[in-house]
Amino acid sequence: MQRKSDQGDRESPEKLINGLVVRLRNHILWDSVSVFLPPVLVAIYLAAYLYHGGWITLAVFLVSTFTAAGLLLAGLVMRRRLSSPSLRSAARLVDEHTGAKDRFVTLATLEPSACSPLFFGRVR
C-alpha cells in the first residue's frame with residue numbers, strides 16, 4: 001500500500017542542508033583517516049620492530065610513536081579544515097541533484113528576519 005506524504009512528514013529544508021553538511025564533514029573525516037592512518041601504522045610497526053630487535057632504545061621508540069600519532073592528528077585537522085563544506089556549497093549540491101533552480105542556495109543564504117514572511121514561506 002502506498003503512503004501519501006503530507007507536510008508533516010517532510011523535513012524542513014534548513015534541517016536537510018544542515019544534515020548534509022554534517023554528513024559531508026563525516027565523509028571528509030573518514031576519508032582522511034583512510035589516507036593518513038596506514039602510513040602511521042607502518043611507521044609505528046617499524047619502530048616497534050626496531051625496538052624489539054634492539055636497534056633503538058625505548059626513548060627513541062616512544063618519541064617516534066608519539067611523533068607519528070601527532071602527525072596523524074595534525075593531518076586530520078588540517079585536511080578537515082581545508083575541505084570543510086559550507087552551508088552554501090551543500091545547498092548548491094542539493095540544487096544540482098534535485099534541479100531546484102537555486103532555491104536551496106537562497107534558503108541557506110537568506111536571513112528570515114531580513115525579508116517578508118510571505119516571500120520566505122514561498123521559497124521554503
Is there any pair linking a residue in region 15-40 that is on the phi > 0 side of the Ramachandran plot to one that is in a helix (DSSP H, G or I) and of a type outside the set (Gly, Ala, Ser), with Cβ under 9 Å and at least six apart or on different chains, and which? none
Between a first residue in region 65-77 that is in the same structural domain as ALA43 (by TED's automatic domain parsing) and a second residue that is of a type in the set (Val, Ile, Thr), which pairs have beta carbons less than 6 Å apart while being 6 or more apart in sequence or on different chains? THR65/ILE44; ALA68/VAL40; ALA68/ILE44; LEU72/VAL40
For HIS52, the lone unmet condition from (1) modelled with pLDDT of 85 or more; (2) surrounded by 11 or more Cβ atoms within 10 Å (Cβ to Cβ); (3) not aromatic (Phe, Trp, Tyr) is (2)
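The values are calculated or read from the model by the stated rules, or taken from the named source; none is laboratory data. Predicted model only: the values in this text are computed from it and were never measured. Reconstructed Cβ throughout: ideal geometry from the backbone, glycine too, with neighbour counts over all protein chains shown.
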